[in-house]
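Each remark here refers to the structure printed beneath this line.
Only the coordinates and a few stated rules stand behind these numbers; no lab work does. Here the structure is a predicted model, which means the values were calculated and not measured. Here the Cβ positions follow ideal geometry from the backbone for every residue, glycine too, while neighbour counts run over all protein chains shown.
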Amino acid sequence: MPVIDSAEFAVSRAQLSGRIAVSELPRLAEVVLDGTTELDWELQGGVDKLERPWLYLSVNGKVQLACQRCLQAMDFKLDCETVLTLFADEATLDEAEQADDDLEGLVIDPALDVLALVEEEVLLALPFAPRHDRCGESDVVVVSDKPNPFAVLAQLKTRKAE
Ligand SMILES: [Zn+2]
């Protein structure tokens, strides 16, 4: 299991990539139908204009999810990428996230579990309630980016109001 010092990884502009079976990621295995499915991931480090270290993570693969309407399998093409800006502590992270809506941050971790990060990002990228466009017909839903967490939150609020 790859573990990195996230700040050092970023500053040294390191790169790491690998392939992981869904069955090795327990929380993801609960929502993906076929545990033997493999996902390709890639992690890169860098430093931005403000001298802040960042991690770029991309995960690709095709998973099968259960349609929330007919409960049959549906293919979901996973193609998520994210840039996580690293901060020394929660307080500076919160401050930066409040100042910049688009910013996604992570607290620096000297022993960051890369696969746990991969799993987290994939879970965020999966649709909240996957559905076939038309049940009974096979189709592939393509998502190029993960849903905006605020949009997801708004969706949850709407659901409650219904
Ligand atoms: Zn369906």
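Below, the figures for the structure above:
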{"read-out": "Integer Hz, Karplus 6.51/-1.76/1.60 couplings in order for the stretch 98-108, x for Gly and Pro", "value": "6, 6, 9, 4, 7, 6, 10, x, 8, 6, 4"}
{"read-out": "Phi-based couplings in Hz for the stretch 17-23 (Karplus 6.51, -1.76, 1.60; Gly and Pro marked x)", "value": "8, x, 10, 9, 7, 4, 4"}
{"read-out": "Placed amide H near Trp54: partners under 5 Å, 5+ positions off or other chain", "value": "Gly46, Val47, Asp48, Leu86"}
{"read-out": "Residues with amide H under 5 Å from that of Leu78, placed H, sequence gap 5 or more", "value": "Gly61, Lys62, Val63"}
{"read-out": "Inter-label distance, nm, simple model (7 Å from Cα along the C-beta direction), Phe128/Lys77", "value": "2.4"}
{"read-out": "Phi-based couplings in Hz for the stretch 84-95 (Karplus 6.51, -1.76, 1.60; Gly and Pro marked x)", "value": "10, 7, 9, 10, 5, 8, 4, 5, 5, 5, 4, 4"}
{"read-out": "Residues whose placed amide H lies under 5 Å from that of Asp34, excluding near-sequence neighbours", "value": "Gln64"}
